[in-house]
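Down below is the structure, laid out as structure tokens.
The values are calculated or read from the model by the stated rules, or taken from the named source; none is laboratory data. Please read these numbers as outputs of a predicted model, since none were measured by experiment. Every residue, glycine among them, receives a Cβ derived from its backbone with ideal geometry; neighbour counts consider all protein chains shown. Surface areas here come from the heavy atoms of the whole protein model, side chains and all, with no ligands, DNA or RNA. Shrake-Rupley method; radii C 1.70, N 1.55, O 1.52, S 1.80 Å.
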Amino acid sequence: MSAAQAIPDILSPEFAADPYSAYAVMRKEQPLIWHEATQSFNISRYEDVEAVFKDKAAQFTTNNYDWQLEPVHGKTILQLSGREHAVRRALVAPAFRGSDLQDRFLPVIERNSRELIDAFRHTGSADIVRDYATRFPVNVIADMLGLDNADHARFHGWYTAVIAFLGNLSGDKEVAAAGERTRVEFAEYMIPIIRERRDNLGDDLLSTLCAAEVDGVRMSDEDIKAFCSLLLAAGGETTDKAIASILANLLVNPDQWAAVRADRNLIPAAFAETLRYTPPVHMIMRQSATDVELTGGTLPAGATVTCLIGAANRDEQRFRDPDTFDIFREDLTTTSAFSAAADHLAFALGRHFCVGALLAKAEVEVGVNQLLDAMPDLRLADGFDPVEQGVFTRGPKALPVSFTPATG
């Protein structure tokens with residue numbers, strides 16, 4: 001059997017059940033491989049994915065988002081390049097770092113986490129995915145934007161449809177149609193709110209986006225709507241899976257869970273290692289502007305390249321014992337793990353490095369801390385072994401836990 005036949009197709013049930021074994025074969029045997037169904041080249045080695053993301057020679061574009069994201073979000077900041085991208089990023093980035101994040105939005109994060117935990121802390125059991133992780137980040141973003149709490153159920157519906165669209169690698173027509181419907185519904189909901197907010201600015205993120213100006217440039221209603229749509233989907237899906245994954249990884253490694261419980265300062269290291277070991281996003285696409293030499297051959301100009309983050313983050317050429325979850329590993333720097341200088345590739349790198357990385361870090365730290373405060377003896381439900389699900393994005397399908405019910 002040839003190496004090509006030995007690698008399960010990325011759309012197959014076999015791959016979905018265990019992508020990591022397939023990634024290992026790809027890295028070793030076929031680091032550059034054509035995938036017919038998605039019409040893209042898959043790359044799996046750390047050095048290649050890192051080079052594509054950093055793109056120091058300006059050989060790659062994000063033109064793939066024209067068909068990948070625009071049908072559901074409208075034109076987003078991810079599709080822009082050069083000065084246009086730099087200005088738009090300068091408009092939105094301040095809200096996601098520094099004093100804005102700390103002073104304005106950390107209380108929002110803490111309140112939303114507490115409200116969700118209060119609903120189950122007295123019960124003695126919960127499913128962290130269903131009861132907490134899938135709701136927490138979307139609620140936070142809606143709250144940050146100053147949107148009505150009563151509409152949270154609608155956000156969850158839109159968010160679910162958009163995520164299904166983004167992960168629709170096999171091209172299911174019903175999933176595509178539902179995603180495109182969401183774009184229309186979300187615009188009908190958001191545009192009137194944006195217009196009203198422009199006339200009545202508050203201290204919420206939506207008001208900040210309405211008022212922001214860089215070099216005389218302001219965001220249009222459509223710009224803001226597209227960014228909010230992207231934020232709900234990207235910020236919800238990734239953080240939801242990150243929270244479930246960090247807890248799953250720690251709970252199945254009791255010694256490391258005990259260490260984190262004894263020293264909460266280890267939570268950032270545990271999150272960084274989770275982003276390396278079980279990243280929420282396994283694949284990010286780019287498009288080549290020129291012929292590009294990568295390990296295993298030449299990527300032709302105009303080709304779509306699928307960067308397999310889940311594979312690159314477990315490259316034995318870059319990380320020692322890459323298939324081992326180890327929050328104490330010395331080849332992953334926690335202090336830079338949430339910046340564009342990160343060792344792992346879960347947030348991408350370069351000019352399109354995830355603008356919400358520090359927001360995700362804050363949500364995970366608050367979440368794990370508050371869960372431990374409320375239920376210090378949190379443990380997996382008897383006999384349960386967490387199972388990851390997903391291909392494009394991936395995380396635990398369920399995470400049932402037990403704990404001593406709170407009495408206060």
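Among the residues making up the range 306-323, a single one is open to solvent by 20 Å² or more (accessible area, probe 1.4 Å) and within 29 Å of residue 65 (Cβ to Cβ): 318. Residues in the range 262-305 that are polar (S, T, N, Q), closer than 26 Å to residue 390 by Cα and open to solvent by 20 Å² or more (accessible area, probe 1.4 Å): 1 in all. When the range 333-354 is filtered for residues that are open to solvent by less than 20 Å² (accessible area, probe 1.4 Å) and within 15 Å of residue 50 (Cβ to Cβ), the ones remaining, listed by number, are 337, 342, 344, 345, 346, 348, 349, 353.
Looking only at residues in the range 355-394 that are of a type in the set (Asp, Glu) and in contact (Cβ under 8 Å) with a residue 60 or more places away in the chain, the one that is least open to solvent (accessible area, probe 1.4 Å) is 363. Taken as a whole, the range 160-167 holds at least one residue that is of a type in the set (Val, Ile, Thr), open to solvent by 70 Å² or more (accessible area, probe 1.4 Å) and within 20 Å of the chain's Cα centre (by Cα).
Report whether or not residue 113 is modelled with pLDDT of 85 or more, under 22 Å from residue 280 (Cβ atoms), touching a Gly at 6+ places or on another chain (Cβ under 8 Å) and not β-branched (Val, Ile, Thr). For residue 113, the condition - modelled with pLDDT of 85 or more, under 22 Å from residue 280 (Cβ atoms), touching a Gly at 6+ places or on another chain (Cβ under 8 Å) and not β-branched (Val, Ile, Thr) - is met. Where helices (runs of 4 or more DSSP H) fall wholly inside the range 43-99, the ranges with 1 or more residues that are closer than 19 Å to residue 235 by Cβ are 65-68, 70-73, 82-92. Do we have residue 78 as closer than 20 Å to residue 342 by Cα and at pLDDT below 80 here? Considered against the rule, which asks whether it is closer than 20 Å to residue 342 by Cα and at pLDDT below 80, residue 78 comes out as yes. When the range 118-163 is limited to residues that are closer than 17 Å to residue 394 by Cα and of a type in the set (Lys, Arg), the one that is modelled with the highest pLDDT turns out to be 130.
If you scan the range 234-261, which residues turn out to be open to solvent by 10 Å² or more (accessible area, probe 1.4 Å), of a type in the set (S, T, N, Q) and in a helix (DSSP H, G or I)? Selection gives 238, 249, 256. Looking across the range 14-42, the residues that are buried (at least 20 other Cβ atoms within 10 Å of the Cβ) and in a helix (DSSP H, G or I) come down to 19, 22, 23, 26, 27. Screening residue 335 with (1) farther than 26 Å from residue 68 by Cα; (2) touching a residue at least 60 places away in the same chain (Cβ under 8 Å); (3) not in a loop (DSSP other than H, G, I, E, B) gives one miss only, at (2). Candidates in the range 176-207 are the residues that are touching a residue at least 40 places away in the same chain (Cβ under 8 Å) and over 30 Å from residue 103 (Cβ atoms); of these, the one that is surrounded by the fewest Cβ atoms within 10 Å (Cβ to Cβ) is 180.
Among the listed residues 271, 328, 319, which satisfies the condition of being aromatic (Phe, Trp, Tyr), modelled with pLDDT of 95 or more and under 14 Å from the mean Cα position of the chain (by Cα)?
Answer to the selection: 271.
Exactly one residue among 146, 171 is in contact with a Gly (Cβ under 9 Å, 6 or more places away or on another chain) and part of a loop (DSSP other than H, G, I, E, B), and that residue is 146.
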